[in-house]
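The values are calculated or read from the model by the stated rules, or taken from the named source; none is laboratory data. Bear in mind the structure is a predicted one, so any value in this text is a computation, not a measurement. For accessibility, only protein heavy atoms count, side chains too; no ligands or nucleic acids. Shrake-Rupley method; radii C 1.70, N 1.55, O 1.52, S 1.80 Å.
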Amino acid sequence: MIRLTGISKHYVAAGRAVPALEDVDLEIRAGEILGIIGSSGAGKSTLVRLINLLERPSGGEIFIGEERTTALTGRDLRNLRRRIGMVFQHFNLLNARTVAANVAFPLQLAGERDRKVIAARVAQLLERVGLADQADKYPRQLSGGQKQRVGIARALACSPRILLCDEATSALDPQTTRSVLDLLQELNRELGLTIVLITHEMDVIRQSCDRVAVIDGGRIVEEGPVSRVFLHPSHPATLRLVREAEHGGGGADTGQAHGRAGPLFRLTFLGETAHRPVLGRIAAETGIDYAILAGRVGHIRQTPYAQLTVALVGGNVAAAIGRLTTAGIEVERLGGQVPAGEALHAVA
Ligand SMILES: Nc1ncnc2c1ncn2[C@@H]1O[C@H](COP(=O)(O)OP(=O)(O)O)[C@@H](O)[C@H]1O
Ligand SMILES: [Mg+2]
């Protein structure tokens, strides 16, 4: 639905070109929640600002549906921007206006004069984001999460088909982040809203996105379903972001730190297999011992996952792998081997 082809963006600062994006190709599907993740300065904000043409690309084209938006000017451009809502990290509310007046603002800008129409639409939006009783408050009287709900209501005022969120939860605590992400997912489902969610936090992606693109140094370095990118990161930038999400703990692994005996495997359980006691049963049946060297468990959106790095010791390893695979568990052989001593805390 949104397509960027060969997009580059260079800013000019102090007479010199600052490259921000290079040769970006990206497709955003209608009705999906696409995450764009990257560390600070990677080019994320530039990318979203290009989608609603707050910035012009230095090269390349952007299409929304069949429309080449990079060709639009004047009134057509203003109409396009109205069809794309945007939510910001620091909310960008007007402090001198009430909550209701903030949400009414884009309707007024769009030329709506009928106060009854505006009042009805504002009431409906505030109800939807759970702020019906806060209409007459001022932004300074609200919590961060409430401010962002106002930001979302305002972004939806003109019924856009696309919502761009630039670090929308980065100023919020984890619990508030969760509730704002839940709201965005509900809006995605109820309205068929296409959402582009920019973040530097892998946890935000894991909780809310269908697909993710990883941006590093102005380039998209990896892209795909969240389950694949999160559980099998292939680019160093992705690996770094996944590890940050796990607080630098021994969660993600490379399997390289180990020495001699016992082959290492990474087992990935996705969906209901994550809840089944398969590993112990198969170990018993095939006479292997296993030592768990690293593990992580959680949810990718609503889907449970578990990923374990194990050393398989003794018994019929080939048969065990065959049975694990048949049980729907993804088995990858890792490069390293565990030292014989570590097999001491093997479980069987
Ligand atoms: N208005 C601007 N003028 C000059 N350089 C900019 C401007 N905006 C962003 N940049 C530069 O472009 C690069 C990408 O920035 P940005 O898109 O804001 O990254 P992110 O949102 O991922 O932190 C950075 O090197 C940043 O310094
Ligand atoms: Mg940014």
Is the C-alpha gyration tensor of the range 40-158 telling us rounded, prolate or oblate? Criteria: a/c under 1.5 is rounded; beyond that, a/b larger than b/c is prolate, otherwise oblate. oblate
Nearest-10 value in Å² for the accessible area of D203, using the 1.4 Å probe: 50 Å²
A 1.4 Å probe over the protein heavy atoms gives the range 65-136 a carbon and sulfur accessible-area percentage of 49 percent
Largest-first semi-axes in Å of the equivalent ellipsoid built from the Cα gyration tensor of the range 1-53 are 23, 12, 9
Largest first, how would M1, M202 line up by accessible area (1.4 Å probe)? M1, M202
Per the C-alpha gyration tensor (a ≥ b ≥ c, the square roots of its eigenvalues), the range 177-236 is rounded if a/c is under 1.5, else prolate if a/b beats b/c, else oblate; here it's prolate
If a/c stays under 1.5 just call it rounded; otherwise compare a/b with b/c (prolate if a/b is bigger, oblate if not). Do that for the range 87-151, with a ≥ b ≥ c from the square roots of the Cα gyration tensor eigenvalues. prolate
The chain: translational diffusion in µm²/s, Stokes-Einstein, Kirkwood Rh over Cα pairs, 25 °C, 0.890 mPa s: 109 µm²/s
How much accessible area per residue does the range 263-345 have, in Å², with a 1.4 Å probe? 46 Å²
Mean projected area in nm² (Cα convex hull; one quarter of hull surface) for the range 263-345: 5.1 nm²
